[in-house]
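A.B. asks: Let me give you the structure first, and then I'll get to my questions.
The values are calculated or read from the model by the stated rules, or taken from the named source; none is laboratory data. All figures in this text were calculated on a predicted structure; none of them were measured in a lab. We place every Cβ from the backbone using ideal geometry, glycine too, and count neighbours over all the protein chains shown. All accessible areas refer to the heavy atoms of the entire protein, side chains included, with ligands and DNA or RNA removed. Shrake-Rupley method; radii C 1.70, N 1.55, O 1.52, S 1.80 Å.
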Amino acid sequence: MQAADRALARVLGPGRALTLRMVEEGCTTGELARRTGLAAPTASRNATALREAGLIASLRTANTVTHVLTPLGAALLSADSSYGPGHHLSPAGTDHRQAQAG
């Protein structure tokens with residue numbers, strides 16, 4: 001697991017962090033369970049929690065539900081991979097690079 005993924009897992013929990021990452025390309029609940037290796041009911045509960053948090057949307061077409069990232073979920077994944085150990089956020093939310101020793 002990469003450092004960015006570990007940080008996301010500390011905030012969301014490992015199962016939900018993995019679920020959010022796997023929804024990035026869009027998928028059904030069955031596909032989500034296969035991609036994550038979780039049981040279908042667990043994948044469904046994770047999707048529900050992420051949907052309630054506004055990180056994914058679930059779109060129903062006939063009897064199929066497809067999960068996709070919301071702009072907030074996409075921004076969270078993008079920010080998660082953008083900020084590494086050499087970055088920190090100021091209280092105003094501005095990105096500042098820490099001075100690197102040469």
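A.B. asks: Within region 37-74, which residues have the backbone N less than 15 Å from the label spot 7 Å out from residue 28 along Cα→beta-carbon, could you tell me?
C.D. replies: Residues 40-41, 44, 59-68 fall inside that zone.
A.B. asks: Which value, in Å² and to the nearest 10, is the accessible area of residue 58 when all protein chains are kept and the probe is 1.4 Å?
C.D. replies: Around 40 Å² of this residue is reachable by solvent.
A.B. asks: If you don't mind, another one. May I ask you to rank 68, 23 by accessible area, largest first, using a 1.4 Å probe over the protein chains only?
C.D. replies: Values: 68 45, 23 0 Å².
Largest accessible area first, the list is 68, 23.
A.B. asks: Give the long-range amide H neighbours of residue 56: residues separated by 5 or more places, or on another chain, with amide H under 5 Å away, using H modelled in the peptide plane at 1.01 Å from N.
C.D. replies: 51, 70
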